[in-house]
Structures are given as structure tokens and as C-alpha cells.
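K.L.:
The structure under discussion is supplied below as C-alpha cells; questions concerning it will follow.
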Number of protein chains: 2
Amino acid sequence: MEAKRKDEVCQFRLMASRDALDIIQGKWRIPIIISLMHGNKRFGEIQRDITDISPKMLSQELKFLEMNKIITRTLYDSMPITVEYSLTELGKSMNSLLEELLKWGLYFRKELVRKD
Amino acid sequence: MEAKRKDEVCQFRLMASRDALDIIQGKWRIPIIISLMHGNKRFGEIQRDITDISPKMLSQELKFLEMNKIITRTLYDSMPITVEYSLTELGKSMNSLLEELLKWGLYFRKELVRKD
DNA sequence: GTAACTACTTACCAAAAGGTAATTGATATA
DNA sequence: TATATCAATTACCTTTTGGTAAGTAGTTAC
């Protein structure tokens, strides 16, 4: 009975992790979200933050994040045309997840240096 | 000056996130770690937790996690041979990251249902 | 008129990730 | 002798991901 209960908790957690993973999976999504955590940005500004991303990948991943309500695209009819990307409330709600990711990333690197 | 400082913070965070992403990237690593957060497990037990993983993938990802000091492999000379996998301290240090991942995963699903 | 800036898109290709199915090898049981 | 369990491994194939390079379209400065 105890063991079965514990098993169910594990199954529940495995399912919840899938939803989050579907969004953060991929080389560029987390970097894009981190960049936008530092303020609304234009296409070119994100490209300059993430120096090794190609316009194709940036465009593709911005579309994905917009479709999943993580970011918003706003077109300004200025001359030269500008497009601003910003995080939605849902996007902003990833903040503590990202903080833990960064914290663990730093800890992991520190441990690697210490042990090798 | 202010803007430049802010930019440097963003760059630093982008770099830290890469280290973490290199480890958690992939379809199966996070599920395996979650499974092991619920106790040390044998190969077959993890397979039963994560029902749709193939032995090839499980074996491959366990090796990766072992190489990166996230888990430990212990062979028991019992008959039938058993192999136990457990989290290292480094592996256990992912706990709050995983908690945030699960929390956000649940929030994300809830928001999707609410808005569509 | 031509070069540059904005924000992309498109075609093509290579590499990585992941799936399927069969097999391995040691031991134990019927 | 045949079958089952445990923990994988191997070969082969498909899908997904990501990279490169070039092009597009509108506006503006020289």
C-alpha cells in the first residue's frame, strides 16, 4: 500500500515533467527566454545577445514560443519597421525555474572543476 | 554604463544556462533522474517507471548520467545479477530545479486548459 | 542609384536523436 | 532440454534538429 502510493506520486511527477520539457527542450528556447527576462527586445537585439544563433533558428523558435503563449510579438509601424518581443505572464512565470537552472548550472561547473 | 552592466549580467546567465542544459537536454534524462529521486532502482524498475523507454535508450542515458557524475552504478553479485542505480550528491542537488520544473509544468497545463 | 538596415524566409544539407527488433550471456527453474 | 529473468547490446532505419548560404521586401541615407 505504501509502495503503491509512492509509485503513483512518481508517475504523477513524470507526467508533469513532460509538459515542461516539451516547452524548454531544444538548444535555443531557454536562451531566448533568458534574454527576454532582461527586457523586451527586438529581433536583432536577441541575435546580438545570443551571438551564435542564426536568423532561421531565432525566427523558428520565436514562433514556437509565441504559439505556446510564452512570448508576444508586437509590430511597430515605425520607419525602419521594428518588431518587439516580450514575455507574457506565463513566460514571466518561468522565472524561478530559470533561477534554479542557473544556480544548478553554476554549481555543476564548480563541482566539475573541483573533482577533475 | 548601466546598460552595459545589464548586458554583462545577461551574458553571464546565458553561459551558466548552457552547462545545465547540456545535462538535462534530451527526452529521457529528466525522467530518469525523477525516477531515481524516489529511491535507488534497478534497470528493470526504471523501465517499469518510464513505460515508453526502450532498453537501448535507458542504457545509453544511464551511461551519460554516470559519466557526468549524476548517478552511480552498483553491481551486485547476486543470482540473478542485479545492478542498482542511485543519485550522487550532485544528482540530488538537482532536487529544487526539478521541483520548479514540475511546479511550472503543472501551472502551464492549467493555463492552457483555462485559455483554450 | 546603390548601399545599408530592418526582419525575416527559403532551399538544401549534415548531424544528432531516437525508435524497432533481434540478439547476447549468465543464471535459475520446470 | 526448454523457458524465463536480468541487464543490457547491436544493427538498421526514420525523424528531428540544427547549420549554411542566399534571397526577399520595405525604407532610408549617401
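K.L.:
If the requirement is being farther than 20 Å from B:GLU111 by Cβ, away from DNA strand C (no atom under 12 Å from the Cβ), at the interface with chain B (Cβ under 9 Å from one of its Cβ atoms) and loosely packed, with under 15 Cβ neighbours inside 10 Å, which of these qualifies: A:LEU112, A:LEU106? Before the answer, list the steps.
P.N.:
Details: A:LEU106 fails: loosely packed, with under 15 Cβ neighbours inside 10 Å.
Residue meeting the stated conditions: A:LEU112.
K.L.:
Same structure again: Residue by residue through the stretch B:79-103, note down the ones that are touching an Asp or Glu at 6+ places or on another chain (Cβ under 6 Å) and crowded, with 18+ Cβ neighbours inside 10 Å. Explain how you work it out, then say what you get.
P.N.:
Start the filter on the stretch B:79-103 by keeping residues that are touching an Asp or Glu at 6+ places or on another chain (Cβ under 6 Å), which leaves B:90, B:96-97, B:100.
Hits for the stretch B:79-103 are B:LEU90, B:LEU97, B:GLU100.
K.L.:
How many of the residues in the stretch B:59-103 are outside any helix (DSSP H, G or I), modelled with pLDDT of 95 or more and within 12 Å of DNA strand C (Cβ to nearest atom)?
P.N.:
Of the stretch B:59-103, the ones outside any helix (DSSP H, G or I) are B:68-88, B:93-94.
Now restrict to residues that are modelled with pLDDT of 95 or more: B:68-74, B:83-88, B:93-94.
Narrowing the set further to residues that are within 12 Å of DNA strand C (Cβ to nearest atom) leaves B:83.
Within the stretch B:59-103, residues that are outside any helix (DSSP H, G or I), modelled with pLDDT of 95 or more and within 12 Å of DNA strand C (Cβ to nearest atom) number 1.
K.L.:
Look at A:LYS56 and say whether it is open to solvent by 60 Å² or more (accessible area, probe 1.4 Å) and part of a loop (DSSP other than H, G, I, E, B). If you could, list the steps in order and put the result at the bottom.
P.N.:
Details: open to solvent by 60 Å² or more (accessible area, probe 1.4 Å): yes; part of a loop (DSSP other than H, G, I, E, B): no.
Taking the combined requirement at face value, the residue does not satisfy it.
K.L.:
Exactly one of (1) touching a Ser or Thr at 6+ places or on another chain (Cβ under 8 Å); (2) at the interface with another protein chain (Cβ under 9 Å from one of its Cβ atoms) is unmet by B:THR74. Its number?
P.N.:
Every condition holds for B:THR74 apart from (2).
K.L.:
When the stretch B:91-104 is examined, which residues are found to be farther than 8 Å from B:ILE71 by Cα and in contact with a helix residue (DSSP H, G or I) (Cβ under 7 Å, 6 or more places away or on another chain)? Outline the logic, then answer.
P.N.:
Restricting attention to the stretch B:91-104, the residues satisfying the condition of being farther than 8 Å from B:ILE71 by Cα are B:92-104.
Hits for the stretch B:91-104 are B:SER93, B:MET94, B:ASN95, B:SER96, B:LEU97, B:LEU98, B:GLU100, B:LEU101, B:LEU102, B:TRP104.
K.L.:
Conditions: (1) free of Cβ contacts under 8 Å to residues at least 24 places away in the same chain; (2) outside any helix (DSSP H, G or I); (3) facing chain B (nearest Cβ under 10 Å); (4) under 17 Å from B:LEU14 (Cα atoms). A:SER35 meets all but one. Number of the miss?
P.N.:
(2)
The values are calculated or read from the model by the stated rules, or taken from the named source; none is laboratory data. Keep in mind it's a predicted model, so treat the numbers as computed, not measured. Quick reminder, even Gly has a Cβ in these numbers, built from the backbone with ideal geometry, and neighbours come from all protein chains shown. Calculation scope for accessible area: heavy atoms of the full protein, side chains included, ligands and nucleic acids excluded. Shrake-Rupley method; radii C 1.70, N 1.55, O 1.52, S 1.80 Å.
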